[in-house]
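Visitor: Sharing a structure below in structure tokens format, with a few things to ask.
The values are calculated or read from the model by the stated rules, or taken from the named source; none is laboratory data. From a predicted model like this one, the values you see are computed outputs, not experimental measurements. With ideal geometry, Cβ positions are generated from the backbone for all residues, glycine too; neighbour counts draw on all protein chains shown.
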């Protein structure tokens with residue numbers, strides 16, 4: 001994993017920020033960017049408008065996820081910054097689903113040689129985020145990506161309207177020159193493997209089929225029938241034949257559709273319930289640690305954390321009584337394995353801001369790690385390290401992270417979690433359904449409860465998720481389909497999913 005430490009060094013080499021940082025906050029998103037308040041406000045407003053338009057288009061009621069469960073978007077200078085942060089070339093943006101606030105990283109300006117625009121990448125990823133948060137069904141890979149691609153080309157009118165249905169021009173090469181992918185093969189295709197041309201063809205054909213089924217009157221209801229059959233346990237091809245009939249005929253229709261004119265639709269501003277956006281300037285302490293906070297938020301292993309730590313310490317040192325700066329330091333020390341230093345920084349964070357949940361989380365996590373290193377602790381000591389986690393939970397009962405960390409503390413000390421803790425896993429999943437580990441833990445809690453129907457509904461989206469790559473999700477789904485006893489046996493074999501596995505493909 002040397003590359004991860006290398007990308008941290010590359011990211012930090014960009015330089016120290018001197019311009020102001022701004023945060024634009026809405027009900028569903030918050031955007032952080034350096035230099036231009038208007039850029040943050042505009043992007044946050046567009047995403048809130050996009051969310052409202054998705055709800056009108058798909059007939060979904062609006063809801064308030066709460067501050068802890070909003071998507072945070074970091075708006076970086078250019079595509080080069082995104083590439084340095086992720087450690088790969090030809091990346092116009094990326095998204096990480098995560099309990100306690102999923103994150104996305106996109107540039108203000110695209111590279112000149114990129115066909116896909118940063119806005120399209122962000123809308124694609126936001127659609128994934130929206131799908132997981134609002135739909136409980138399992139979807140095949142072609143539809144997961146086709147649905148995201150369909151909405152990624154949305155455009156925003158000056159009058160406040162949102163248009164859907166524009167062609168995904170950046171998929172034209174794959175459609176016309178990529179490997180052939182007839183419907184029956186499309187239904188079987190996943191995003192796993194190294195055949196990039198075939199994966200690109202799946203995205204392109206998935207977009208085309210989703211577009212066709214959205215606007216073709218005769219076929220529109222068939223998509224629902226297909227997904228219903230799939231979620232009832234039929235395989236992809238069988239569900240397709242039940243819903244669509246002759247798949248070769250559908251293939252021919254799709255070929256003709258590809259060469260015709262595409263229909264679109266406009267959702268007027270008067271139909272949209274758009275959450276308001278507020279903008280604030282970050283204070284000096286927040287701005288000072290923002291670069292290192294972004295690197296840490298992207299995710300690091302221990303080697304990368306050790307490479308990042310000196311920069312975090314330098315950035316946070318002038319702000320020993322700043323809640324956010326010290327919480328960022330507490331996270332960096334924890335990631336580097338310096339648990340005593342992490343606990344100390346977390347304590348300073350709490351002293352500066354008694355309502356800082358991150359401070360309480362890292363205080364509890366660091367103290368638990370220190371206690372485990374001492375050997376066999378007594379019950380009173382274990383309860384004491386859970387106290388900061390419980391305090392974080394009381395500060396915001398809708399932040400899923402304290403619930404997950406309290407569960408982890410039982411696992412850490414080899415204790416059986418009580419019913420209330422397992423029930424909290426199910427509640428945490430409901431707050432952050434896009435988080436893969438929370439979904440797996442909720443599935444296990446449902447199986448232990450004997451609610452096998454709920455367990456199947458919870459794990460099925462993960463088993464089909466083209467980005468997750470979690471074999472244990474597929475194993476649990478197969479066991480649930482085989483009956484209660486195989487499900488209980490699979491639960492024993494599965495164990496607890498770790499953070500790394502649950503993050504899947506970033």
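Visitor: Considering only segment 286-318, how many residues are farther than 14 Å from residue 21 by Cβ and in contact with a helix residue (DSSP H, G or I) (Cβ under 8 Å, 6 or more places away or on another chain)?
Guide: Of the residues in that region, 19 qualify.
Visitor: What pairs can you find where one residue is in segment 445-458 and assigned to a helix (DSSP H, G or I), the other is surrounded by fewer than 17 Cβ atoms within 10 Å (Cβ to Cβ), and their Cβ atoms are less than 7 Å apart, with a gap of 6+ or different chains?
Guide: 447/488; 452/484; 457/136
Visitor: Given (1) out of contact with any strand residue (DSSP E or B) (no Cβ under 9 Å at 6 or more places or on another chain); (2) within 30 Å of residue 432 (Cα to Cα), where does residue 171 come up short, assuming only one miss?
Guide: Condition (2) is where residue 171 drops out.
Visitor: I would also like to ask the following. State yes or no: is residue 351 modelled with pLDDT of 95 or more, closer than 20 Å to residue 409 by Cα and more than 28 Å from the chain's Cα centre (by Cα)?
Guide: No: the conditions fail for residue 351.
Visitor: Then there is this: Could you please find all residues in segment 28-68 being out of contact with any helix residue (DSSP H, G or I) (no Cβ under 8 Å at 6 or more places or on another chain), buried (at least 21 other Cβ atoms within 10 Å of the Cβ) and under 28 Å from residue 392 (Cβ atoms)?
Guide: 40, 44, 48
Visitor: If you go through segment 459-476, how many residues are within 24 Å of residue 95 (Cβ to Cβ) and not in a loop (DSSP other than H, G, I, E, B)?
Guide: Here the count works out to 10.
Visitor: Please state which one of 154, 138 is in contact with a strand residue (DSSP E or B) (Cβ under 6 Å, 6 or more places away or on another chain) and surrounded by 15 or more Cβ atoms within 10 Å (Cβ to Cβ).
Guide: Result: 154 is the single residue among 154, 138 that is in contact with a strand residue (DSSP E or B) (Cβ under 6 Å, 6 or more places away or on another chain) and surrounded by 15 or more Cβ atoms within 10 Å (Cβ to Cβ).
Visitor: Out of all the residues in segment 238-268, which are over 21 Å from residue 183 (Cβ atoms) and surrounded by fewer than 17 Cβ atoms within 10 Å (Cβ to Cβ)?
Guide: Within segment 238-268, 261, 264, 265, 266, 268 meet the criteria.
Visitor: What's the number of the only condition in (1) surrounded by fewer than 18 Cβ atoms within 10 Å (Cβ to Cβ); (2) touching a helix residue (DSSP H, G or I) at 6+ places or on another chain (Cβ under 6 Å); (3) part of a helix (DSSP H, G or I) that residue 273 fails to meet?
Guide: Here residue 273 meets the rest and fails (3).
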